[in-house]
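Asker: Next up is a structure, given as structure tokens.
The values are calculated or read from the model by the stated rules, or taken from the named source; none is laboratory data. Everything numeric here is computed off the predicted structure, so don't read it as measured data. Here the Cβ positions follow ideal geometry from the backbone for every residue, glycine too, while neighbour counts run over all protein chains shown.
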Amino acid sequence: MPKGSELLVAALENEGVERIFGIPGEENLDVVEAIRTSSIELVLTRHEQAAAFMAATYGRLTGKPGVCISTLGPGALNLSTGAAYALLGAMPMIMITGQKGVLSSRQARFQVVDVVASMRPLTKLSRQIVSPSIIPTLVREAFRIAQEERPGPVHLELPEDIATEESAPVPMVPPHPVELPVANADALDRAAELIRHAKRPLIMLGAAASRPRSTSDLANFVIRTGIPYFTTQMGKGTVSGGTELYIGTAALSERDYVHEAIERADLIVTIGHDTIEKPPFIMGKTGPQVVHVGYQPATVEQVYFPQTEVIGDIGPSLKLLADRLEGQLPDAKALLPLRSGILARVAARAEEDRFTPQRIVHDVRTVIPPDGIVALDNGMYKIWFARNYRTQVANTLLLDNALATMGAGLPSAMTAALLYPHRRVLAVCGDGGFMMNSQELETAVRLKLNLVILVLEDSAYGMIRWKQAVDEFPDYGMTFGNPDFVTYAEAYGAKGHRVERIDHFVPTLEQAFLEGGVHLVVVPVDYSENKRVLVDELSKRLPVLPEQTA
């Protein structure tokens, strides 16, 4: 008769799981043994937080839940940041944690934390498994909930005595495809009517537009309507940034150059906007009308309250909306003349002979092919990559504008390198964020990944230090020392490179990619541009007054 642990692993195989990321413990050794004899690979990490980031990124890139595992108590709690990362970022993920036995308590309360309760606010579902016989059903339900809109994490706790308990054979529950409904015809008609009457329409592509199943229909909608578009940070790449209709990315909430078009628009069609992202624009009484197209109804916020909504499977719904609009929008391109000026100013000074953020982004773009993947940690450079890095393929710039946690860049890049071993993958980290999960260099080397990690060194928590200066506080509490990163990388078996001259930067990256394996490239970063551009220059640009949009 199968044990609970064997039923769990069989149920995961039934869902098509190929990898489980994590660090097992004493309480789930039976599960580890069941994994050993299964078709599933256990990807052992050096910290549970990294395992959760890796599983979440697997879900983000494939649309199928990534799976991570930990022991009870401290190990399980180390998954919590990754749970929030997946919840806010809408990434499907399954977390499986161990627990002391529930049928007896031979170790009393040692290491026992109510993990199920602690995970409830951070997940779509958190359940303890109390009987082996319910495992196949519960696993199927967990995967369904994790994948359905809005995707996110699910937590299952398996006590060690339930894992070892034998059960009569239980049949697996076969997964089946679930088709989402398309938008209501009346809603499509209302939206089409508003768009037809717009004099200066604009499209915005948000985080939910980057779901793997949606991107081809999005591109067709933009082409068929001819309306220029901009993206949120997490919506980058959903339609090729090389199209002549791309007008920029809203890395800030207001006053950036792309907002010249946003402020002049009389109607914005937001596709896949999730208000969990930092606002790409702020609605007000005199602002444009907004048509919300999404998998789910809009969350009404102080800064976002659409006038009409098109709710349903985004791809097919957009096709039906384009059928109502194609050839009927004489003013579709009214804002397009602003494009060249916006993009030129965003890209200004990208070839200066110093390690400015603009130059770093420019040079990274030259060595990363269209299908190459750049995974960002969180720091000041994220704003610069969001503004300046042009994308042509969906999910090729992985950034987190939802939880915006530090420490996720390297694990996210590792998952991308695992999934796409023949594509160039670059992690971009500040020195602060990199050191939060730098131990995963050992994991990357052990897995024989082809991965380049770019560390931008300023010996400070740069974004907070910048904000501290903008708010006119004294410079205090933000600086630190670093290890010799070249020696540090080599201690893990990776290759280390320090680049001191900007003209050596591209050749170093290029050689690292050609050589293969794990490489760490450390460069200094000149963040003086933060104040010059993002404060001094943009503060001179006043919002467009309503009468100027006539």
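Asker: Just need a number here: residues in the stretch 502-550 that are at pLDDT 95 or above and among the hydroxyl-bearing types (S, T, Y).
Answerer: 1
Asker: Regarding P212, is this residue in a loop (DSSP other than H, G, I, E, B), modelled with pLDDT of 90 or more, surrounded by fewer than 18 Cβ atoms within 10 Å (Cβ to Cβ) and not hydrophobic (A, V, I, L, M, F, W, C)?
Answerer: Here the answer is no, as P212 does not meet what is asked.
Asker: Among the residues of the stretch 267-317, which ones are of a type in the set (A, V, I, L, M) and at pLDDT 95 or above?
Answerer: Correct list: L267, I268, V269, I271, V290, V291, V293, V310, I311.
Asker: Quick check on my filter: what residues within the stretch 12-40 are in contact with a helix residue (DSSP H, G or I) (Cβ under 6 Å, 6 or more places away or on another chain), β-branched (V, I, T) and free of Cβ contacts under 8 Å to residues at least 40 places away in the same chain?
Answerer: Result: I35, single match.
Asker: At pLDDT 95 or above and basic (K, R): does that describe R109?
Answerer: No: the conditions fail for R109.
Asker: Taking P411 as meeting all but one of (1) in a helix (DSSP H, G or I); (2) more than 19 Å from A52 (Cβ to Cβ); (3) in contact with a Phe, Trp or Tyr (Cβ under 6 Å, 6 or more places away or on another chain); (4) not polar (S, T, N, Q), write down the number of the exception.
Answerer: Single failed check for P411: (2).
Asker: Against the condition at pLDDT 95 or above, under 28 Å from A10 (Cβ atoms) and among the basic types (K, R), how does K64 come out, does it pass?
Answerer: In short, yes.
Asker: Tell me which of these P171 doesn't satisfy, since it passes every other one: (1) surrounded by 14 or more Cβ atoms within 10 Å (Cβ to Cβ); (2) touching a residue at least 12 places away in the same chain (Cβ under 8 Å); (3) farther than 30 Å from K319 by Cα.
Answerer: If we test P171 against (1) surrounded by 14 or more Cβ atoms within 10 Å (Cβ to Cβ); (2) touching a residue at least 12 places away in the same chain (Cβ under 8 Å); (3) farther than 30 Å from K319 by Cα, just (1) comes out false.
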